[in-house]
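Here is the structure we will look at, set down as structure tokens.
Quick note: the coordinates plus some simple rules give every number you see, no bench work behind them. None of the values given here were measured: they were computed from a predicted structure. As a convention, Cβ positions derive from the backbone with ideal geometry for all residues, glycine included, and neighbour counts pool all protein chains shown.
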Amino acid sequence: MEAPLARGARGSAAPKGVASASFSRQAAVRLRAPKGGRSGGHWAPSALVFLAARRFSLRGTPRTPRRVEAVPGHGLFALHEVDPELSTLISKEWDRQTRSVNLIASENFASPEVFEILGSVLNNKYSEGLPGARYYGGNMFIDDVERLCKQRALAAFDLDPLRWAVNVQPYSGSPANFAVYTALLEPHDRIMGMSLLAGGHLTHGHYTSTRKVSATSVYFESLPYGVDKKTGLIDYEALRETARTFRPRLIIAGASAYPRHIDFEAFREVCNEVGAYLLVDMAHISGLVATGQHPSPFPYADVVTTTTHKTLRGPRGGMIFCRKEFEQKIDNAVFPALQGGPHNATIGALACQLREVASPEFRSYGQQVVANCGALANFLAQEGCKLVTGGTDNHLLLWDLKSEGLSGAKMEKVCEEASIIVNRNTIATDTSPVSPGGVRLGSCAMTTRKVDEKGFERIGAFLLRARDIALDIQKRSGNKKLVTFLDFLHDSSSPERALLLELGSEVEDWAATLPFPSQPQRRRCPPWIQRREPRMEPRGRGHLPAGATGQTRGAGLQRGAQPKDPGMPSGEPGGGAVLTAPAAVRHGESADCATMPGAVGGASGR
């Protein structure tokens, strides 16, 4: 009689010709026997077979990967073969990102490692609950991933795990904020957050005279605090007086468009005086806090929320840090009160990024983000531009265009046509968010693309040219309405259009030389991608008028023409910051997919 198998050992219960190391229950029941065999042409597995298959699938037991067969609808094909329409749209978006200057303060470029994890098998698992207490089986490794993410989150901000806890399951920053309200407040409790017009966020309780815009203002009584209209700085004394009168249960410190350091100690003093919780929303500055470029809120806050994709440069998600006494309330508010199963691939990608956040290289990145934003602010100020608060301490600045006779919306549209991506933003003197008087400019994304201070001075020069074009269009239109302005903006016969095309060509040629960190693994491109032609005109609108001069963004790049090298001398502004890509990659004409989004799969190094 044979001795029983030792735990974890390999058996030999498979039929003849089948390797036991790769044998499984599914393989057993699907294996065909020779003609004339039993069970209607199928080999009938015995109980020993199932026992062996179970042993082979024990947790922690390595298995030899078996051959994977393509299944209709789930084949091993590239995206451009399965869904060319969607693949084309992704390719266009990839081209837009690589050939534009991104100054959106809330955007960044994630690493190839983050993208690899987002597309991994972690996406397949459902895991309601917390590690060790799930409502589904098979979560032993998902538990380990989430525990690792939480450990790295606390370590990234140098927090004592005996005093602080973190929940990494929020889908983004807005659900994270509402989970905190749900955990700590009762319906109709009072809260105070920064006014949206002053730079606050919708989830901090925004409402208008006619309606409650944010769910926060629907379920809780909100009274916003503001900034000094002359300086643009938070008026801490006015905040204190308002809190004494309003007696809020919770005060929110944090903003989405505030270019200066926040005095968290002053907020703590006000909260202590009126008996309020202090929630710090550090969604915009968390990467700067982790790298020592912004004062930390943790010595003063009860709860801290953040997104994970801005200055942290990770996947799109959220985190809630809280003192230990609030841990159970926060966890219960996230699940089951507000969310279902967490996005495990996002949590895994966040764990990977938090490892980078703790590195010396990321600390240098944080320093460069602040230095670059300061360089851009100084350049614009020297050229006579009015900046809210007069400058910046962090990763963003607010350019007041109202004093120059422009709206933020018009400047945004002109910049977009020139492949400079900004967003309109309210400033302290605005009375409505519908027609904001400024634009918000951020340095995170372009710093990730290795642009330094000189490069941001070059970007500042691009912005001034766009501003001048916008002023010329507005003067010629004779109408301050945005719809009329856009008609003149898209007039292909106007002289401003020629200047805009020339500016767009310079911007795209320069941006195409910059490193792009979110590059997928090298993979052979389909022919239709290899032969892609660059755009002749931004957004497909208009052409240069007859006789117009100046370099257009499509010049010299027509079919069969030799591409122009957009590289620039190292002595030019930004030259010292650029790691020039090979010409074939810059122009999208390479025979491989080093820079194409259709190359799904693994990830290459940056």
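Some notes on this structure:
- Shape of the range 428-519, Cα gyration tensor, a/c cut at 1.5: oblate
- Between GLY317 and THR308, HIS309, the built amide H atoms are under 5 Å apart, and every one of these is 5 or more places off in sequence or on another chain.
- Amide N proximity, the range 321-353 versus MET140 label position 7 Å along Cα-to-Cβ, cut-off under 11 Å: none
- Model label points for ARG363 and THR88, set 7 angstrom from Cα along the Cα-to-Cβ axis, are 5.0 nm apart.
- A Förster radius of 22 Å, combined with the Cβ-Cβ distance separating LYS230 from THR431, puts the computed FRET efficiency at roughly 0.85.
- Sorted by Cβ density within 10 Å, fewest first, the residues THR513, THR245: THR245, THR513
- Between GLY200, LEU312, CYS271, the Cα set farthest toward the positive side of the dipole of the range 163-339 (charges on each charged residue's Cβ, about the Cα centre) is that of LEU312.
- The mean sequence distance of close C-alpha pairs (under 8 Å, at least 6 residues apart), as a share of the length of the range 163-339, puts its relative contact order at 30 percent.
- Between ALA337 and GLU107, full extension at 0.36 nm per residue minus the direct alpha carbon distance yields a gain of 79.9 nm.
- Length released on extending from ARG323 to HIS188, taking residue separation times 0.36 nm less the Cα-Cα span: 46.2 nm
- DSSP beta bridges in the range 163-339 [antiparallel fraction, %, rounded to 5]: 45 percent
- Shape category assigned to the range 212-319 from the gyration tensor of Cα positions, a/c cut at 1.5: prolate
- Other residues lying with their Cβ under 14 Å from the Cβ of GLY232 contribute a combined charge of +1, Lys and Arg counting +1, Asp and Glu -1.
- The simple spin-label model puts a point 7 Å past each Cα toward its Cβ; for GLU237 and SER172 those points are separated by 4.0 nm.
- For the pair ASP160 and SER209, a Förster radius of 41 Å applied to the C-beta separation gives a FRET efficiency near 0.35, rounded to the nearest 0.05.
- Amide H contacts under 5 Å for TYR225: GLY193, MET194, SER195, restricted to partners 5 or more places along the chain or on a different chain, H placed in the peptide plane at 1.01 Å from N.
- Net charge of neighbours whose Cβ lies under 13 Å from the Cβ of GLN339, counting Lys and Arg as +1 and Asp and Glu as -1: -2
- Partners of LYS125 within straight-line reach, counting lysines whose Cα lies under 27 Å from its Cα and excluding those fewer than 8 residues away in the same chain: LYS150, LYS310, LYS329.
- The separation of the range 170-238 from the range 478-502, counted between C-alpha centres, amounts to 38 Å.
- Sorted ascending by nearby beta carbons within 10 Å, beginning with the fewest, LYS150, LYS475, LYS125 become LYS475, LYS125, LYS150.
- The H on the amide N of GLY438, modeled in the peptide plane, is under 5 Å from the matching H of LEU401, GLY408, ASN425, ILE427, each at least 5 residues off or on a different chain.
- Residues listed by number, the range 419-443, amide nitrogen under 16 Å from ARG96 label point at 7 Å toward C-beta: 419-424
- Counted by neighbouring Cβ atoms within 10 Å, the residues TRP164, TRP399 run from fewest to most as TRP164, TRP399.
- Total formal charge among the other residues, if their Cβ is under 15 angstrom from that of ALA133, Lys/Arg +1 and Asp/Glu -1: -3
- The range 292-329 residues near the modelled ASN272 label - backbone nitrogen below 20 Å, point 7 Å along Cα→Cβ: 295-304, 323-326
- With a Förster radius of 45 Å applied to the beta-carbon distance between GLU81 and VAL218, the computed FRET efficiency rounds to 0.45.
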